[in-house]
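Written below as structure tokens is the structure these notes are about.
The values are calculated or read from the model by the stated rules, or taken from the named source; none is laboratory data. Bear in mind that the values here come from a model prediction, so they are computed numbers and not experimental data. Neighbour counts are summed over all protein chains in view; Cβ atoms, including those assigned to glycine, are modelled from backbone coordinates with ideal geometry.
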Amino acid sequence: MKRTVKSLALVAVGAMLVSVLVWAADNPLKNAKVGEWIEFVIHTQTMGQTMDTKMKQTVIAKDAVSVTLRNVTTVMGKEMSNDTKIMFDQPYEPYKMPNSDAVVTPLGEGNETITVGGKPYNCHWVKVKVVTTKPQAMEGTTKVWSCKDVPVNNMVKMETESAMKMGDKVMNTTMTMELVGSGK
């Protein structure tokens, strides 16, 4: 059972991470430069279980029409890597997963200085509600803090609370993702 819960948590985390790969009204990845990287620590709680994950995104290629990110995620001591190519001419749909029917409703936005990893960031935050029925029925809220001083995608912090339907049961998940490093 413990392994199944962690597997389900990993699926939920993966879904949330993919959904925020591009998340602001003006695509910050257009300004990313080859060699830039960001690293996050992700703390997830679901079904009474806690899991910490690390994720590093590095810009490995860019041209006038796209950017390619290498995503390296470390979960339970295991490293997984994949490359994601993001086209700049595709419809820009914040907070949506690919192949999703997500409906995104803005809940608010503002400016706030937050401290992450002992460093203050002047951020703009956006909070949304996301409801989807495919690929999995899920409803949640996400709040993202961004700062133009952070390379790659400008993200400093993200908090998500979600409820995923699994048959007649609901899996509630909370996730906090915080920047722990960046550079070139």
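Observations on the structure shown:
- Only residues that are over 20 Å from residue 55 (Cα atoms) and not in a strand (DSSP E or B) were counted across segment 149-184, and they come to 2.
- Strands (runs of 3 or more DSSP E) contained entirely in segment 103-147, each with at least 1 residues that are in contact with a strand residue (DSSP E or B) (Cβ under 7 Å, 6 or more places away or on another chain), free of Cβ contacts under 8 Å to residues at least 40 places away in the same chain and of a type in the set (Phe, Trp, Tyr): 119-132, 138-146
- In segment 52-96, of all residues being on the phi > 0 side of the Ramachandran plot and not hydrophobic (A, V, I, L, M, F, W, C), the one that is modelled with the lowest pLDDT corresponds to 95.
- Of the set (1) within 28 Å of residue 34 (Cα to Cα); (2) of a type in the set (Asp, Glu); (3) touching a Cys at 6+ places or on another chain (Cβ under 6 Å), all apply to residue 112 but (1).
- Segment 36-50 residues that are under 13 Å from residue 75 (Cβ atoms) and touching a residue at least 12 places away in the same chain (Cβ under 8 Å), paired with ones that are part of a strand (DSSP E or B) and of a type in the set (Lys, Arg) (beta carbon under 6 Å, 6 or more apart): 41/54
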